[in-house]
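Below: one structure, written as structure tokens.
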Amino acid sequence: MAFEISEIKPIRKKLGITQSELAKQANISQSLIAKIEAGTLDPTYSKAKKIFEVLNSLSKSKELKAKNIMNKKLISINPETKIKNAIKEMRKHGISQIPVLKNNNCVGLVSETIILNSFTKKDISKVEDIMGDCPPIISKDTSIEIVSNLLKFYPIVLVSEKGDLQGLITKSDILKAI
């Protein structure tokens, strides 16, 4: 991430750290930070680089991750579930889409839209007859920026750790975090 010298103070304040804390982590004096922020001193390249490295590191560590906003209550159905039961489950929990799992592995997704589109088809009774593709599965440490971009194309994103599903994220979860 590229920074301008004039951005040091606003970024530092946004990160919620003092001049002293920034100075200590960058291994420079607090008075140097104060002079740079006041615009009375132009730092050397090496000093500016230290400051920017600390700010970059802090901004990454304070960035929200999928694990911070995911819904840990993973409601799912299996492919053999009758469509009528899937609808009941969705109503019961007030959700508009539900992942389809088999042996704790995602095999598809059922949404209100998919169900509505299936009413015109005959000889369908089970979820496996109508389910869509599985939504993306991401790591718990995926940044919110990536999650929000995925949610532009998918109704939900599943969160996994070492192959074990831990939760899910919807657009609503992102909005709650803002």
Practice task
From E63, E112, grab the single residue that is surrounded by fewer than 15 Cβ atoms within 10 Å (Cβ to Cβ), touching a strand residue (DSSP E or B) at 6+ places or on another chain (Cβ under 6 Å) and not small (G, A, S).
Solution key: E63
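Taking the conditions exactly as written (surrounded by 12 or more Cβ atoms within 10 Å (Cβ to Cβ), over 22 Å from V159 (Cβ atoms) and in the same structural domain as L168 (by TED's automatic domain parsing)), does K140 satisfy them or not? Working first, answer last.
Working: surrounded by 12 or more Cβ atoms within 10 Å (Cβ to Cβ): yes; over 22 Å from V159 (Cβ atoms): no; in the same structural domain as L168 (by TED's automatic domain parsing): yes.
Considered against the rule, which asks whether it is surrounded by 12 or more Cβ atoms within 10 Å (Cβ to Cβ), over 22 Å from V159 (Cβ atoms) and in the same structural domain as L168 (by TED's automatic domain parsing), K140 comes out as no.
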Exercise for the section: Check off (1) more than 9 Å from the chain's Cα centre (by Cα); (2) surrounded by 15 or more Cβ atoms within 10 Å (Cβ to Cβ); (3) outside any strand (DSSP E or B); (4) of a type outside the set (S, T, N, Q) for I146 and give me the number that stays unchecked. Expected result: (1)
Exercise for the section: Take S96 and decide whether it is surrounded by 17 or more Cβ atoms within 10 Å (Cβ to Cβ), of a type in the set (S, T, Y) and assigned by TED's automatic domain parsing to the domain that holds G132. Expected result: no
Exercise for the section: With the checklist (1) surrounded by 13 or more Cβ atoms within 10 Å (Cβ to Cβ); (2) under 24 Å from S143 (Cα atoms) in hand, flag the one item I36 doesn't pass. Expected result: (2)
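Residue under question is M70, and the condition is that it be surrounded by 19 or more Cβ atoms within 10 Å (Cβ to Cβ) and under 18 Å from the mean Cα position of the chain (by Cα); does it hold? Walk me through it before giving the result.
Numbers: surrounded by 19 or more Cβ atoms within 10 Å (Cβ to Cβ): yes; under 18 Å from the mean Cα position of the chain (by Cα): yes.
It is true that M70 is surrounded by 19 or more Cβ atoms within 10 Å (Cβ to Cβ) and under 18 Å from the mean Cα position of the chain (by Cα).
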Practice task
Test N117 against the stated conditions and say whether it is exposed (fewer than 15 other Cβ atoms within 10 Å of the Cβ), touching a Leu at 6+ places or on another chain (Cβ under 9 Å) and at pLDDT below 95.
Solution key: no
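Restricting attention to segment 99-111, does a residue exist that is in contact with a Phe, Trp or Tyr (Cβ under 8 Å, 6 or more places away or on another chain), touching a residue at least 12 places away in the same chain (Cβ under 8 Å) and over 17 Å from K73 (Cβ atoms)? It would help to see each step written out before you state the result.
Step one: of segment 99-111, the residues in contact with a Phe, Trp or Tyr (Cβ under 8 Å, 6 or more places away or on another chain) are none.
There is no residue in segment 99-111 that is in contact with a Phe, Trp or Tyr (Cβ under 8 Å, 6 or more places away or on another chain), touching a residue at least 12 places away in the same chain (Cβ under 8 Å) and over 17 Å from K73 (Cβ atoms).
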Fill in the blank from the handout: Going through segment 73-87 in order, the residues found to be under 21 Å from L168 (Cα atoms) and surrounded by fewer than 12 Cβ atoms within 10 Å (Cβ to Cβ) are K73
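So in segment 149-165, with the set limited to residues that are in contact with a Ser or Thr (Cβ under 9 Å, 6 or more places away or on another chain) and in a loop (DSSP other than H, G, I, E, B), which one is surrounded by the fewest Cβ atoms within 10 Å (Cβ to Cβ)? Break it down into steps so the answer makes sense when it comes.
First pass over segment 149-165, keeping only residues in contact with a Ser or Thr (Cβ under 9 Å, 6 or more places away or on another chain): 150-151, 155-157, 159-161, 165.
Then drop every residue that is not in a loop (DSSP other than H, G, I, E, B), which leaves 151, 155.
On the way: L151: 19, P155: 17.
The qualifying residue surrounded by the fewest Cβ atoms within 10 Å (Cβ to Cβ) is P155.
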Fill in the blank from the handout: Filtering helices (runs of 4 or more DSSP H) wholly in segment 1-112 for at least 1 residues that are more than 21 Å from I156 (Cβ to Cβ) gives 8-15, 19-26, 30-38, 45-62, 83-93
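Test K92 against the stated conditions and say whether it is basic (K, R) and modelled with pLDDT under 95. Give the steps one after another, and end with the answer.
Working: basic (K, R): yes; modelled with pLDDT under 95: no.
No: the conditions fail for K92.
The values are calculated or read from the model by the stated rules, or taken from the named source; none is laboratory data. Since this is a predicted model, take the numbers as computed values, not measurements. Quick reminder, even Gly has a Cβ in these numbers, built from the backbone with ideal geometry, and neighbours come from all protein chains shown.
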